[in-house]
Amino acid sequence: MMIIDVRKLNAQKKYTGSMEFEYSAPQELIEIPFVKFASPIKVRFDYELYEDDSLEIRGTISYRLEGQCSRCLKDATKEVEGEIDAYFQPFKNGEDYSYSGGVIDLTQAINEAVMASMPFTLSCGDDCQGISFSSETDN
Ligand SMILES: [Zn+2]
């Protein structure tokens, strides 16, 4: 579930709490060639709903990437963890996320957290030899 129903939280007086869910992120979030998500994004966070209906979430995202090592092209995987820290307001205000209709859609905030956590390359390991060319080089 990628939404938070603020009206429901208010009705149930659940002003703080935690949520956890999985999200199948679009592969377009990955800019590393030949790499894709091997798992859904695990999202866990604590939330706090304030009197003015603004809501803050703080937590973590984690996922696994799989594909080809950016240096040697061998199969490689990587577990990635990132942070999510977002503030939603029921009106438009500067840099914060805004929402309307009493329901917060988390998709954009999670996608941005995923992009912020994304490594620039995928590596098969610390002992990656890179591509070994059979031809001799001048240097
Ligand atoms: Zn490698």
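The values are calculated or read from the model by the stated rules, or taken from the named source; none is laboratory data. Computed from a prediction, not measured in an experiment: that's the story for all the values here. When we count neighbours, we look across all protein chains shown, and the Cβ atoms used for this are built from the backbone with ideal geometry, even at glycine.
Summary of computed values
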read-out	value
Test set (1) over 19 Å from the mean Cα position of the chain (by Cα); (2) more than 28 Å from Lys13 (Cβ to Cβ); (3) in a loop (DSSP other than H, G, I, E, B) - Asp53 fails condition number	(2)
The listed residue being touching a strand residue (DSSP E or B) at 6+ places or on another chain (Cβ under 9 Å), within 16 Å of the ligand (Cβ to nearest atom) and either among the hydrophobic types (A, V, I, L, M, F, W, C) or on the phi < 0 side of the Ramachandran plot (or both), out of Ser70, Ser39, Ser98	Ser70
Residues that are of a type in the set (S, T, N, Q) and touching a Pro at 6+ places or on another chain (Cβ under 9 Å), drawn from segment 16-44	Ser24
Members of segment 73-95 found to be surrounded by fewer than 17 Cβ atoms within 10 Å (Cβ to Cβ), among the basic types (Lys, Arg) and within 16 Å of the ligand (Cβ to nearest atom), listed by number	Lys74
Residue in segment 92-99 that is at pLDDT below 95, closer than 30 Å to Gln129 by Cα, small (Gly, Ala, Ser) and in a loop (DSSP other than H, G, I, E, B) present	no
Flag if Asp53 is of a type in the set (Asp, Glu), away from the ligand (no atom under 16 Å from the Cβ), modelled with pLDDT under 95 and farther than 27 Å from Ile131 by Cβ	no
Count - residues of segment 3-33 that are in contact with a strand residue (DSSP E or B) (Cβ under 6 Å, 6 or more places away or on another chain), in contact (Cβ under 8 Å) with a residue 40 or more places away in the chain and in a loop (DSSP other than H, G, I, E, B)	1
Residue satisfying condition, being of a type outside the set (A, V, I, L, M) and touching a residue at least 60 places away in the same chain (Cβ under 8 Å), within set Tyr99, Tyr47, Tyr87, Tyr63	Tyr99
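This table checks each residue for (1) more than 27 Å from Lys74 (Cα to Cα); (2) of a type in the set (Phe, Trp, Tyr).
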site	(1), (2)
Lys14	yes, no
Gln27	no, no
Ile30	no, no
Phe37	no, yes
Pro40	no, no
Asp46	yes, no
Ser54	yes, no
